[in-house]
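Each remark here refers to the structure printed beneath this line.
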Amino acid sequence: MNMRRLFIAALGLVLMSGPALALDKVTLRLDWVFGSEHAPIFLARDKGFFKDEGIDVEILAGEGSTVTVKLVGNGTADFGYAAADQALMAYAKGLPVVATAVILQKNPVAVIFPSASGIKTLTDLYGKTLGVPTLSVSEKQWRYVEKLNKLDEAKIHQVSLGTGIAQMIEAQKVDAAVAFFFNDGLKVVSDGTPMGWILLSDVGLPIYSTSLVTNEDMIKKNPDLVRRFTRAFLKGWTYALGHQQETLDTFLKDNPTVDPKYSALKFPEVLKLTQTPDTEKNGIGYSSQERWEAMQKALLDMAIIDKGVNVADVFSNQFLK
Amino acid sequence: MIARHVTRTLGQIAVFAAFFLFWEILVDVLHVKPVILPPPSLIFAAMVKHWSYLLANTWPTLFAVTGGFAVAAALGFVIAVGIAYSRWVSEMTYPFLVAAQVLPKVALAPLFLIWFGFGLTPKVVIAALIAFFPIVINTARGLGSVEPELIQYMHSLGASWREIFFKISLPWALPYIFASFRIAITLAVVGAVVGEFISSDNGLGYVINYANTSLDTDVMFGGIFALSALGVVLFLVVVLVERMVLSWQVAVEGTPETM
Amino acid sequence: MASVPHILIENLTLQYRTKHSMVAALEDVSIDIPPRSFVCIVGPSGCGKTTLLKVLSGVLKATRGRALLDGIPIEDTDLSGKIGYIFQRPLLLPWRTALGNVLLTTEIARKDMPLKERIAEARRWLKLTGLDGFEDRLPHELSGGMQQRVSLSRAFAFRPPILMMDEPFAALDEITREAMQEELLRLWSVTESTVIFVTHSISEAVLLSERIIVLTARPGRVDEIIDVPFPRPRGEELRGNPRFTELVQHIRHKLRGGAAAREAAS
């Protein structure tokens, strides 16, 4: 009879601890279709970093940072991976999006061109045809860079591009284009043409790029979950920096339809963007009030937003540890 | 008669007004953030504020639509004549036409840019591609619907094919052709906008897309409303022309305005 | 107007292929149609009446036997502009006025006529068919009977030597029908065309024609050729004539009897 009581007690304990073992189910909406730039995120999931923090994450592909910040701001997605300037824009328009970790410290929008073109500086674009994606924020960023660098717009033959930037360059319909260097640029390289690029961030654009974002309400209601998620997320990136091949291989295994050559070219370049003197000192994902202010000023100058906000509301470093 | 027109138009306006009112109340009650879905009041305000911007971008879309429609009509007509009068042509081209119709033009977008360059041409091409199918189908049907006894009669009178075509078949087919024009003009609007989405720095499609990426949702909807208005106006133009050309048909239908 | 030919049909057979076999629509049909005569073809449905018209107008070719116009085989004759049609349905062009519709035939078949003359002629025929004042009406503004009268005018207007009518009054109500029959006789008396008139109605055939060709059910063979003795001009009063009724009954009996006999034999 003693044994029986013990058995029932043990059973009871196990049953009661059941709920405690339940994981927090959350969604993470990325900025674009799955690419090797997201490899550290897949790694974090596959290596159990999220599970260790009691989180069951569903990773969803995205259709651009603009959509992702809308989804996160509306509460439809719990977390998002989207550009910091989009987060700031969203906040200025009433969507309470907050960045808890800035992963890509430099905006990857660049002027890309075949290496053979001999273009070295922006003024080398004079007399050439430049494809500009007129249907995205990148176009405004380019105009800003033109202004900052006092470029004579009339001297560059600019045409509007939407999709198919890589094809246009390969077909030699444009001499250069404003694009994400690690997407369209490296795609062309992967197809066999060496490319060069000038990052807009290197010619005066103070824009942070893709970051982990969430909703202000989520932070208010469940700061612990945000902390745990951010921690697991960053762990993936830190691990990736030290185990690049393993991370890339994991990603390719999870996404067998992706072009491996192109992915392999992209991955190291993306990782480079995560490292700055700031992050070396303060850890990956760190962002400074100063840079956020500069970014807001740029957005105001670009007339992307017409009213400033308190940038301290839009980002936070408190979840980095 | 005038009174009837007026009450009809007022009724149509009332439907729109009710729709906008419902929308206005709904977003308020559901606490929808304006940047996700703005209420009509904000949209109209944005339209008023940016009216010259919207107007300036209406012209390029208008040109693309009318250009695309014209090409679709011409091309569609020629193909339809082939289909109506040659069984061989009909059997050979039909599967191809259907395939072309179903194909998502967006997928061909980069190719279009490479082949047709930038500017108005790719928009016109896409608009024409999307709009021409109903024209072909209906025109062929109209041409084929002529009473065969009448055709035989004309033949026996010694009429040339040209006489039969222009005196009998073509006028006979006009109601069908105009019916397809109504559909095609709306499709041409869609096509032109698709073209603008793919690549453009002007036009209402551009306005919509640009406002979308800038999270200016009120301007985006302003562009959408302007586009809808453009579509409605063009549709009415087609109906008006139809009424003039087919005045006899109008009389048959009794009520003057059957849309 | 071109001269009215003597139409001779000799042992005409028309067969066509269906999915399963060869079907004969007409078999060994021989008919003599003198110029300027009014001939009716009567018979049950599917007996090949319309097929016969199509052979005579050159649309279909005989499988065996032949049709001759003034001794020349039909396939060697240029029939264009020589045959006027009136169908069961008016088949007017809905976008043309009554006048415009009547003008159509002369527009195509009488191009040598100047426009003024063609219009005058069209008006004349419209008047003759009692449509004076309705020239500028569109077809949908006219009743069925009036539309059929426009169709009549259209056929008569270019003075064809041969007129073929395929149950033209079948869709009309009885009163309109009788009026149209009398009108037709009046119009025909002004012209000199041969009329080949297909009908289901025995009384109509007896009223209108001087020769009735009775065809059997498919395959259509000539069952009997009846000459109608009543003198012309014929009018409404003929319907009341007992000899008229007698003849109609006689023909009706023959058709019924023939059908019964065939049924008994099968």
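The values are calculated or read from the model by the stated rules, or taken from the named source; none is laboratory data. Predicted, not measured: the structure shown is a model, and the values here were computed from it. Here Cβ is always computed from backbone atoms with ideal geometry, including for glycine, and neighbour counts include all displayed protein chains.
Structure notes:
- Within the stretch C:96-106, tally of residues that are facing chain B (nearest Cβ under 7 Å) and basic (Lys, Arg): 0
- Scope the stretch A:270-285; condition touching a helix residue (DSSP H, G or I) at 6+ places or on another chain (Cβ under 9 Å) and surrounded by fewer than 18 Cβ atoms within 10 Å (Cβ to Cβ); matching residues: A:Gln275, A:Asp278, A:Gly283
- Qualifying positions in the stretch C:126-162 - more than 14 Å from chain B (Cβ to nearest Cβ) and surrounded by fewer than 23 Cβ atoms within 10 Å (Cβ to Cβ): C:Lys127, C:Leu128, C:Gly130, C:Leu131, C:Asp132, C:Gly133, C:Phe134, C:Glu135, C:Ser143, C:Gly144, C:Gly145, C:Met146
- Test: residue in the stretch A:97-115 that is of a type in the set (Ser, Thr, Tyr) and in the same structural domain as A:Asn149 (by TED's automatic domain parsing): yes
- For C:Lys116, the conditions (1) part of a strand (DSSP E or B); (2) without any contact (Cβ under 8 Å) to a residue 24 or more places away in the chain all hold with the exception of (1).
- Considering only residues in the stretch A:148-165 that are in contact (Cβ under 8 Å) with a residue 24 or more places away in the chain, out of contact with any Pro (no Cβ under 7 Å at 6 or more places or on another chain) and of a type outside the set (A, V, I, L, M, F, W, C), the one that is nearest to the other protein chains (Cβ to nearest Cβ) turns out to be A:Ser160.
- Checked against (1) among the aliphatic types (A, V, I, L, M); (2) in contact with a helix residue (DSSP H, G or I) (Cβ under 9 Å, 6 or more places away or on another chain); (3) within 20 Å of A:Thr210 (Cβ to Cβ), A:Ala294 meets all criteria but (2).
- Residue that is surrounded by fewer than 21 Cβ atoms within 10 Å (Cβ to Cβ) and either in contact with a Lys or Arg (Cβ under 8 Å, 6 or more places away or on another chain) or free of Cβ contacts under 8 Å to residues at least 24 places away in the same chain (or both), where the choices are A:Asp52, A:Asp46, A:Asp56: A:Asp56
- Whichever residue in the stretch B:181-230 is of a type in the set (Gly, Ala, Ser) and without any contact (Cβ under 8 Å) to a residue 60 or more places away in the chain and, among such residues, is nearest to the other protein chains (Cβ to nearest Cβ): B:Ser214
Okay, residues lined up against (1) surrounded by fewer than 22 Cβ atoms within 10 Å (Cβ to Cβ); (2) within 14 Å of chain B (Cβ to nearest Cβ); (3) at pLDDT 95 or above:
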position: C:Arg64; (1), (2), (3): yes, no, no
position: C:Leu68; (1), (2), (3): yes, no, no
position: C:Ile72; (1), (2), (3): yes, no, no
position: C:Asp78; (1), (2), (3): yes, yes, no
position: C:Tyr85; (1), (2), (3): no, yes, no
position: C:Arg89; (1), (2), (3): yes, yes, no
position: C:Pro94; (1), (2), (3): yes, yes, no
position: C:Arg110; (1), (2), (3): yes, yes, no
position: C:Pro114; (1), (2), (3): yes, no, no
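- Given (1) under 30 Å from A:Lys173 (Cα atoms); (2) modelled with pLDDT under 95; (3) buried (at least 21 other Cβ atoms within 10 Å of the Cβ), number of the condition B:Val189 does not satisfy: (2)
- Given (1) buried (at least 23 other Cβ atoms within 10 Å of the Cβ); (2) touching a residue at least 24 places away in the same chain (Cβ under 8 Å), index of the condition B:Leu157 fails: (2)
- Scan of the stretch A:137-162 for residues that are at pLDDT 85 or above and in a loop (DSSP other than H, G, I, E, B), ordered by number: A:Asn149, A:Lys150, A:Leu151, A:Asp152, A:Ile156
- Selection of the stretch B:125-154 for residues being surrounded by fewer than 17 Cβ atoms within 10 Å (Cβ to Cβ) and β-branched (Val, Ile, Thr) yields only B:Ile151.
- Filter result for B:Phe221 (over 17 Å from the mean Cα position of the chain (by Cα) and either closer than 30 Å to C:Ile86 by Cβ or part of a helix (DSSP H, G or I) (or both)): yes
- Scanning the stretch B:49-80 for residues that are over 25 Å from B:Leu143 (Cα atoms) and either of a type in the set (Val, Ile, Thr) or part of a loop (DSSP other than H, G, I, E, B) (or both) yields a count of 4.
- Looking only at residues in the stretch A:284-304 that are modelled with pLDDT of 90 or more and assigned to a loop (DSSP other than H, G, I, E, B), the one that is nearest to the other protein chains (Cβ to nearest Cβ) is A:Ser287.
- Qualifying residue in the stretch A:120-128 (condition: among the hydrophobic types (A, V, I, L, M, F, W, C), within 14 Å of chain B (Cβ to nearest Cβ) and either crowded, with 20+ Cβ neighbours inside 10 Å or not in a helix (DSSP H, G or I) (or both)): no
- Scanning the stretch A:129-147 for residues that are crowded, with 20+ Cβ neighbours inside 10 Å and either over 26 Å from B:Pro110 (Cα atoms) or more than 13 Å from chain B (Cβ to nearest Cβ) (or both) yields A:Tyr144, A:Val145.
- Subset of the stretch B:163-211 [charged (D, E, K, R) and either outside the structural domain of B:Pro134 (by TED's automatic domain parsing) or in contact with an Asp or Glu (Cβ under 8 Å, 6 or more places away or on another chain) (or both)]: B:Lys167, B:Arg182
- Only listed residue being in contact with a Phe, Trp or Tyr (Cβ under 9 Å, 6 or more places away or on another chain) and small (Gly, Ala, Ser), chosen from A:Ser316, A:Ser287: A:Ser287
- Matching entry among C:Ser45, C:Ser57, C:Ser30 (being at pLDDT 90 or above and over 30 Å from B:Pro175 (Cα atoms)): C:Ser30
- Any hit, the stretch B:99-108, residues being within 19 Å of the chain's Cα centre (by Cα) and crowded, with 16+ Cβ neighbours inside 10 Å: yes
- For the stretch C:231-249, the candidate set comprises residues that are without any contact (Cβ under 8 Å) to a residue 24 or more places away in the chain and in a loop (DSSP other than H, G, I, E, B); within that set, the residue that is surrounded by the fewest Cβ atoms within 10 Å (Cβ to Cβ) is C:Pro231.
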